[in-house]
Amino acid sequence: MRTVLNILNFVLGGFATTLGWLLATVVSIVLIVTLPLTRSCWEITKLSLIPWGNEAIHIDELEPERQNSLLNAGGTALNIIWFVLFGWWLCVMHIVAGIAQCITIIGIPVGVANFKIAAIALWPVGRRVVSVETARAAREANARRRFQ
């Protein structure tokens, strides 16, 4: 089922959104100041191409033992730079693709996935794309750690 939905996403607009992310990745490489944003760009490019079966999770949830407040502050600064340069237009692109996909009945699940990626497009720094199973296991481990 995931494969069918990923193909449907690709056909109904996922190709265009992935090209937008690839463009943002290339621009972030060319502009030396934004080089730290490249990893986040590449991670979300993968999610834009294959949203079903993958999920974006914050690195603090994935590896809680490596939390660092200084790195989180730097990530926030990078997210602000990201929002100004790339985030807003990538978010709009995913919203437009999501609306276009939701107009067709068959594209509604894919459109909802684009709306989720639109929210991630605003603040992607510090997120990693992992399988849904890995994300679920990390969240369950964090919940057990927090409530024991």
How high is the FRET efficiency from ARG2 to ILE103, r the C-beta distance, R0 22 Å, rounded to 0.05? 0.45
Which whole-Hz couplings ³J(HN,Hα) result when phi for each residue of the stretch 20-30 is put into the Karplus expression 6.51 cos²θ - 1.76 cosθ + 1.60, θ = phi - 60°, listed in order with x for Gly and Pro? x, 5, 5, 4, 4, 5, 5, 5, 5, 6, 5
Accessible area per residue in Å² at 1.4 Å probe, computed on the chain: 56 Å²
Leaving ligands, DNA and RNA out of it, report the carbon-plus-sulfur percent of the accessible area of the chain at a 1.4 Å probe. 72 percent
Relative contact order %, the stretch 71-122, counting alpha carbon pairs below 8 Å whose residues are six or more apart: 40 percent
To the nearest 10 Å², what's PHE15's accessible area with a 1.4 Å probe? 100 Å²
How much of LYS46 can a 1.4 Å solvent probe reach, expressed as accessible area in Å² and rounded to 10? 80 Å²
Mean ellipticity per residue at 222 nm, deg cm²/dmol - from DSSP H runs of n ≥ 4 across the chain, formula -39500 (n - 2.57): -21000 deg cm²/dmol
Applying the Karplus parametrisation 6.51 cos²θ - 1.76 cosθ + 1.60 with θ = phi - 60° to the phi angles of the stretch 124-139, what ³J(HN,Hα) value in whole Hz is obtained for each residue in order, glycine and proline being reported as x? x, 5, x, 9, 10, 8, 10, 5, 4, 5, 5, 5, 5, 5, 5, 5
Let's see if you can work this out: charge +1 on each Lys and Arg Cβ, -1 on each Asp and Glu Cβ, no other charges. What is the dipole magnitude of the chain about its Cα centre, in debye to the nearest 20? 160 debye
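The values are calculated or read from the model by the stated rules, or taken from the named source; none is laboratory data. Since this is a predicted model, take the numbers as computed values, not measurements. Cβ coordinates were reconstructed from backbone atoms using ideal geometry, including for glycine residues, and neighbour counts include every protein chain displayed. Just so you know, the surface numbers come from the protein's heavy atoms only, side chains and all, with ligands and any DNA or RNA stripped out. Shrake-Rupley method; radii C 1.70, N 1.55, O 1.52, S 1.80 Å.
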